[in-house]
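Notes for the one structure printed next.
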Amino acid sequence: MITLDAVTIVGYAAAICMVCGYLPQAIYTIRTRETDSIALPTFLLMGLGGAFFIAQGILTDNMPLVITNVITTICAIIITSIKIYNDYIK
C-alpha cells in the first residue's frame, strides 16, 4: 500500500497549481503568437529559476519539484522564444 505524507501531498498540490498557472499563458502564446504584453526579463528569469529548481529537485530527490519545473521551464522557454522572435527577429 502506498502512503503519502503531508509534505508529499503539499508538494504535488503545489506542482498542480504551478503547472495550471503556466499552461494557459503558454497555450495562448503558442496559438496567437501575441507577446506584446509579456515582459522578456520576467520569462527569462522564470526559466532560469525553473532550471535551478530542477537541479535542486534532482539533488534532493524531490520528484514533485522536478516534474513541475520541467513543465514550467519548457513553457517559459517556449514563451521566451516566441517573444524574442517577435521583438528582435521578425
Can you pull out the residues in region 2-21 that are of a type in the set (S, T, N, Q) and surrounded by 13 or more Cβ atoms within 10 Å (Cβ to Cβ)?
T8
Within region 22-42, track down each residue that is open to solvent by less than 70 Å² (accessible area, probe 1.4 Å), among the β-branched types (V, I, T) and either without any contact (Cβ under 8 Å) to a residue 24 or more places away in the chain or on the phi > 0 side of the Ramachandran plot (or both).
T32, T42
Which residues, taken from region 37-90, are farther than 20 Å from P24 by Cα and outside any helix (DSSP H, G or I)?
T60, D61, N62, K90
Considering region 64-90 alone, what residues qualify as being in contact (Cβ under 8 Å) with a residue 24 or more places away in the chain and over 14 Å from the mean Cα position of the chain (by Cα)?
I82, K83, I84, N86, D87
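The values are calculated or read from the model by the stated rules, or taken from the named source; none is laboratory data. The shown structure was predicted, so the numbers you read here are calculated from the model rather than taken from an experiment. For neighbour counting, all protein chains shown are included, and Cβ atoms are generated from backbone atoms with ideal geometry for every residue, glycine included. Heads up: the accessible areas ignore ligands, DNA and RNA and are worked out on the full protein's heavy atoms, side chains in. Shrake-Rupley method; radii C 1.70, N 1.55, O 1.52, S 1.80 Å.
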